[in-house]
Amino acid sequence: MTPDTLVVYLVASLALAITPGPTMLLAMSNGIAGGMRPAACGVVGASLGATVLIAVVALGLGSLLAASEWLFNAMRVAGVVYLVWLGVKMWRSQPIDIHAALAAAPANALNRRTAFLRSLTVALSNPKTLLFFAAFLPQFIDTAAPQGPQYAVLGAIFIGIDSCVMLGYAAAGTHAVRWLSRRSLRLLNRGCAAGMWLLAATLAVWRRPAA
């Protein structure tokens, strides 16, 4: 990859990462509901999911999803159902009481595991993301050179940028806990829930571009 191409890829990856999506909203919600440690575990889960999707694309399985109407629709419906369910959980959840959390820090262990699994599931259950990677990453691949190492480098760069942005969203949620009233935090959490439902509706009506 030439330096110019690398710069273009970095800018494109950053622009894509800062665009609010399910994992970003979930990172902020995790920061509100559990603090930075559970949110960071969620970021790890989302990054692991992105790694799996990029590996799937590198192995050529993204083309299988693009070609199979049944597989695409099954994955899309699963993603919609999960996002709706997650939105309901966010809507009902209560913001963290920072003083109580500091007094009972060991109780956060389950929250960290839950944050990890939720983020991993969100990352893996969206076929739109897989198709996006299948369309985006090959644009920066030199077909005359071994492609495996190129996908590894491009994937590492994207995941690194994406993880930093998710941590920023999580930190925003964590700081909101310290500065906003519980009523305001509840409204912010419900805003994240509404965002999840909007993304679920978008995924429900989204259709693949015609070949």
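The values are calculated or read from the model by the stated rules, or taken from the named source; none is laboratory data. Bear in mind the structure is a predicted one, so any value in this text is a computation, not a measurement. Neighbour counts are summed over all protein chains in view; Cβ atoms, including those assigned to glycine, are modelled from backbone coordinates with ideal geometry. Please note that ligands, DNA and RNA were not included when accessible areas were found on the heavy atoms of the full protein model with its side chains. Shrake-Rupley method; radii C 1.70, N 1.55, O 1.52, S 1.80 Å.
Going by what's in this entry, would Leu61 be described as at pLDDT below 70 and either surrounded by 13 or more Cβ atoms within 10 Å (Cβ to Cβ) or touching a Lys or Arg at 6+ places or on another chain (Cβ under 7 Å) (or both)?
yes
Do the conditions hold for Thr23, that is, is it at pLDDT below 80 and open to solvent by 20 Å² or more (accessible area, probe 1.4 Å)?
Spelling it out, it is not the case that Thr23 is at pLDDT below 80 and open to solvent by 20 Å² or more (accessible area, probe 1.4 Å).
Take the conditions assigned to a helix (DSSP H, G or I) and modelled with pLDDT under 80 and apply them to Leu16. Does it pass?
Judged against the criteria, Leu16 is a match.
Return yes when Arg112 is closer than 25 Å to Val88 by Cβ, free of Cβ contacts under 8 Å to residues at least 40 places away in the same chain and in a helix (DSSP H, G or I) and no when it is not.
Judged against the criteria, Arg112 is not a match.
Which of the residues spanning the stretch 122-158 are of a type in the set (Val, Ile, Thr), modelled with pLDDT of 85 or more and surrounded by fewer than 20 Cβ atoms within 10 Å (Cβ to Cβ)?
Result: Val153, Ile157.
Could you tell me whether any residue of the stretch 46-57 is buried (at least 22 other Cβ atoms within 10 Å of the Cβ), of a type in the set (Gly, Ala, Ser), at pLDDT 75 or above and on the phi > 0 side of the Ramachandran plot?
Within the stretch 46-57, none of the residues are buried (at least 22 other Cβ atoms within 10 Å of the Cβ), of a type in the set (Gly, Ala, Ser), at pLDDT 75 or above and on the phi > 0 side of the Ramachandran plot.
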